[in-house]
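> Questions regarding the structure given below will be posed in turn.
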């Protein structure tokens, strides 16, 4: 007996994230071109590229003095455009949040003698983060422009900035030098990172 396989004939589901509006405060300005979006606010300026098939419309917010952005694509049935729909909406929303409230990454140093501090490079005078994490020498990281780094206590590194990707990427680059290890739990933890501990190896 032959079995027939039923296929769904319902319409494709639109992007749940992409169709959500973005609330833009009065203190934030946007410059939108066919290939670029620039978001500027009290905490800085963020620039990003935009595919030509993504459309951004702005309207006045009736509940406040700000505005509302709506993101759409030319063809919602196209797989690539549908995937970028939610991505672009998420990126723009992150940038609006970044230039108003900022983004934060917190690094926690766990280990004997692990500590960090913000200093100036002896040769260039550029601000750096000096991290001691088990090596014979401190490891220095040049702080990128647009990012603020502080060390409230020697075992905490607080990174702030308007660009979420830049903030998290800088935090990840520091963590990469000493990722948490599962036996003693030593290492550099990013944000709320947790690891599964393993039993100590028996010789």
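> Specify whether the C-alpha gyration tensor of segment 103-190 places it in the rounded, prolate or oblate class, a ≥ b ≥ c being the square roots of the eigenvalues: rounded for a/c under 1.5, otherwise prolate if a/b is larger than b/c and oblate if not.
Numbers: a/c = 1.99, a/b = 1.27, b/c = 1.57.
Taking the square roots of the gyration eigenvalues as a ≥ b ≥ c, segment 103-190 is oblate.
> Regarding segment 54-103, what are the three Cα extents along the principal axes, ordered largest first, in Å?
Rounded to whole Å, the extents work out to 35, 27, 12 Å.
> Translational diffusion coefficient of segment 22-100 at 4 °C, 1.567 mPa s, Stokes-Einstein with Kirkwood Rh over Cα pairs, in µm²/s as a whole number.
On the way: Rh = 12.9 Å.
In µm²/s, the coefficient rounds to 101.
> Next question, about the same structure. Within a 10 angstrom radius of the beta carbon, how do 103, 95, 123 rank from fewest other beta carbons to most?
Working: 103 21, 95 28, 123 6.
So the ranking, lowest neighbour count to highest, is 123, 103, 95.
> At 0.36 nm per residue, and after removing the present C-alpha to C-alpha distance, how many nm does the segment from residue 197 to residue 68 gain when stretched out fully? Kindly include the intermediate steps, with their values, before the conclusion.
Details: separation 129, 0.36 × 129 = 46.44 nm, distance 4.64 nm.
Stretched fully, the residue 197-residue 68 segment lengthens by 41.8 nm.
> Calculate the FRET efficiency for residue 35 and residue 121 from the Cβ-Cβ distance with a Förster distance of 45 Å, rounded to the nearest 0.05. Don't skip to the answer; put the middle values down first.
Details: r = 36 Å, r/R0 = 0.81.
Approximately 0.80, to the nearest 0.05.
> May I ask you to work out the translational diffusion coefficient for the chain at 4 °C, viscosity 1.567 mPa s, via Stokes-Einstein with Rh from the Kirkwood sum over Cα pairs, reported in whole µm²/s?
Details: Rh = 20.3 Å.
Stokes-Einstein gives a translational diffusion coefficient of 64 µm²/s.
> For the residues 27, 65, 130, what sequence is obtained by ranking on other C-beta atoms within 10 Å, fewest first?
Values: 27 13, 65 9, 130 16.
Fewest-to-most Cβ neighbours within 10 Å comes out as 65, 27, 130.
> Using C-alpha positions alone, give me the convex hull volume of segment 47-160 per residue in cubic angstrom. Walk me through the intermediate numbers first.
Values: hull volume 21.1 nm³, N = 114.
Looking at segment 47-160, the number lands at 185 Å³ per residue.
> Which value at 222 nm does the chain reach when only helices count, each DSSP H run of 4 or more adding -39,500 (n - 2.57), with the total divided by all residues and rounded to the nearest 500 deg cm²/dmol?
Values: 2 runs with 34 residues, N = 203.
Value at 222 nm, helices only: -5500 deg cm²/dmol.
Every read-out reported here was derived from the displayed coordinates using simple, explicitly stated rules and does not represent laboratory data. Bear in mind the structure is a predicted one, so any value in this text is a computation, not a measurement. Heads up, the Cβs are rebuilt from the backbone with ideal geometry, glycines too, and the neighbour counts pull from every protein chain shown.
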